[in-house]
Amino acid sequence: MPDQVGVRGPLLRDGAGAEHARAAFEQLGAVADAVLYEGYLLYPYRRSSAKNRVRWQFGVLLPRPWVERDGPVAPGVSGSADSWYQRTECLVRALRDDAVVRLRVRYLQMQHKQVEAADGTPVESLRTADGTTHLSFDEAIAREAGLTVPLADLLDGGRSVAVGAPGGAEDEPLPADGGRIVRRHRELRATTTVAAEPLAPGLYRLRVRTENTGAPGDPEASRNEALRDALIATHTLVGGEGVEFVSLIDPPSGLAEQARECRNAFTFPVLGGAPPRAAGGDGGTGPVMLSAPIILSDHPQVAPESPGDLHDAAEIDEILTLRTMLLTDEEKAEARATDPRAARIIDRVDTMPREVYERLHGAIRSLAPAGPSGRTPAGPSETAPGGGSGARSPERPAWWREDGDEGLSPTTDTVLVAGVPVGAGSPVLLRPRLRGADAQDMFLAGRSATVAGVFHDVDGGVRLAVTVDDDPAAELHGWYGRFHYFRPDEVEPLATTGSPAAPGRDHDRLRRRPQR
């Protein structure tokens, strides 16, 4: 029996595996909440702010007659364009015969908050006897609906569930008979259908399609009016028991073709849960997936230092908190009167303890634990084709120490690639990785280049700075110190023996001026 709209039922049965999946689902829910309110109310959180008069920009599903009154919409990979449906396609592996798929469709429903004077006259603003200001405003109600179904049952046409929401109205009297607040929202009609297609033993393509099936109050209405019949910030969480989802961004090599054939419209699915502990590997998989109306990376997470949502696009907690602190008392009063969520943000910032604020200043998440001497322990080597490895000193000091770069010399350091020492002056062939490489690097595949230096990054990795041999501006780039950078496993030595050639005396590629 599907969960009812707005009701959170138990996601998973008991068991160690279920507990892990439950934790991943809940962690992803926190990220989804940030997506849900993306652009709902932007700093400075006041109704009078121009940017808060143009809202609801992502994942908006309006009635089809309104959307297509000027012609069909062109689907895209994200939901910044209005549509009447969303389609998610992803790859799922069944890890056991009784695998179960669980999904939740989540969105916002617009609710109009109208302030009325004591005589029932609608007003934009009203100040009551207790000194509180009340503003008319369009609020939002968070909605969600769920479906739980065995994977095997999705192979015979799929299953559908109603994900709409009822209409309603409620009155809130203001103090001393000073008037009232009336909140009204319209009924929403929507349906989600989920189906599965077998691709190989234990591998399926999962399809989730959510449609606004309602009729617009007025097909010629303005967008602001039509939003009253819309699902807003619509997104889907998909998990289950005995299932594993495949990354569409970085799929295992054997599933790359199937991943490319997945067609997503007005949404972008990414893996949820904690990122893998070790970098690399042959593609990504995970226990849950978030299909959101904005483009995210796999394994998105909310920073643990964040004390709460700020409802701003790509929010940076520290700077937004500082700017909110600097609002005048009048501006803060208007923000509190605009929306209850805005009031909570203002109150949280005004009462934030110093230690909580200091945690927002920054965090470094890529450092290895310090050893007994204060040095970072040696990590795994950069493995190159043919068994070569990148040079990495086990006694290298942590990068933030004053002596962190002692003993490193880009012009004389070398790194083994396929058993050949490669350093400044070495001729190489460029072989960028097919996954995870810079898009511009792909144009250099198969080109010959000359190494200008060997560099070590703060994570302990190695990068080769190169200039492309047939680039007419190669010498100029070297003079300015502008290089292309590749990992050791992205190059192929053209000299199979011997030491790197010494850099020319007339021109040092790692300096900005010719050497005489």
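The values are calculated or read from the model by the stated rules, or taken from the named source; none is laboratory data. All of these numbers come straight from a predicted model, not from anything done at the bench. Cβ: placed from backbone, ideal geometry, glycine included. Neighbour counts: every protein chain shown.
Could you check A221 against (1) hydrophobic (A, V, I, L, M, F, W, C); (2) under 22 Å from G120 (Cβ atoms); (3) assigned by TED's automatic domain parsing to the domain that holds P75 and say which number it fails?
Condition not satisfied by A221: (2).
Looking only at residues in the range 143-161 that are closer than 23 Å to G59 by Cβ and without any contact (Cβ under 8 Å) to a residue 40 or more places away in the chain, which one is surrounded by the most Cβ atoms within 10 Å (Cβ to Cβ)?
So the residue we want is R159.
Residues of the range 106-155 being among the hydroxyl-bearing types (S, T, Y) and under 40 Å from the mean Cα position of the chain (by Cα), which ones? Don't jump to the end; show me each part of the working.
Of the range 106-155, the ones among the hydroxyl-bearing types (S, T, Y) are 107, 121, 125, 128, 132-133, 136, 148.
Residues satisfying the conditions are Y107, S125, T132, T133, S136, T148.
Among R96, R102, R55, which is at pLDDT below 95, outside any helix (DSSP H, G or I), more than 25 Å from D298 (Cβ to Cβ) and touching a Gly at 6+ places or on another chain (Cβ under 9 Å)?
R55
Every residue, every condition in (1) among the basic types (K, R); (2) buried (at least 23 other Cβ atoms within 10 Å of the Cβ), yes or no:
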| residue | (1), (2) |
| --- | --- |
| R186 | yes, no |
| P198 | no, no |
| V208 | no, yes |
| E225 | no, no |
| T234 | no, yes |
| V238 | no, yes |
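Can you confirm whether the range 73-83 contains a residue that is closer than 29 Å to L327 by Cα and touching a His at 6+ places or on another chain (Cβ under 9 Å)? Write out each step before concluding.
In the first step, residues of the range 73-83 are kept if they are closer than 29 Å to L327 by Cα; the result is none.
So far as the range 73-83 goes, no, none of its residues is closer than 29 Å to L327 by Cα and touching a His at 6+ places or on another chain (Cβ under 9 Å).
Would you mind stating whether R207 is assigned by TED's automatic domain parsing to the domain that holds Q86 and among the basic types (K, R)?
yes
For (1) of a type in the set (S, T, N, Q); (2) closer than 24 Å to A265 by Cα; (3) in a strand (DSSP E or B); (4) modelled with pLDDT under 85, each residue gets a yes or a no:
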{"site": "R277", "(1), (2), (3), (4)": "no, no, no, yes"}
{"site": "G283", "(1), (2), (3), (4)": "no, yes, no, yes"}
{"site": "L290", "(1), (2), (3), (4)": "no, yes, yes, no"}
{"site": "I294", "(1), (2), (3), (4)": "no, yes, no, no"}
{"site": "D298", "(1), (2), (3), (4)": "no, yes, no, no"}
{"site": "A314", "(1), (2), (3), (4)": "no, yes, no, yes"}
{"site": "L322", "(1), (2), (3), (4)": "no, no, no, no"}
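Just to be sure I understand, how many residues within the range 193-226 are over 30 Å from P251 (Cα atoms), under 28 Å from the mean Cα position of the chain (by Cα) and modelled with pLDDT of 95 or more?
Residues meeting the conditions: 1.
Identify, please: which residue in the range 436-454 is surrounded by 14 or more Cβ atoms within 10 Å (Cβ to Cβ) and part of a loop (DSSP other than H, G, I, E, B) and is, among those, modelled with the lowest pLDDT?
Here the answer is A437.
Among the residues of the range 43-66, which ones are of a type outside the set (F, W, Y) and crowded, with 19+ Cβ neighbours inside 10 Å?
P44, R46, R47, N52, G59, V60, L61, L62, P63, R64
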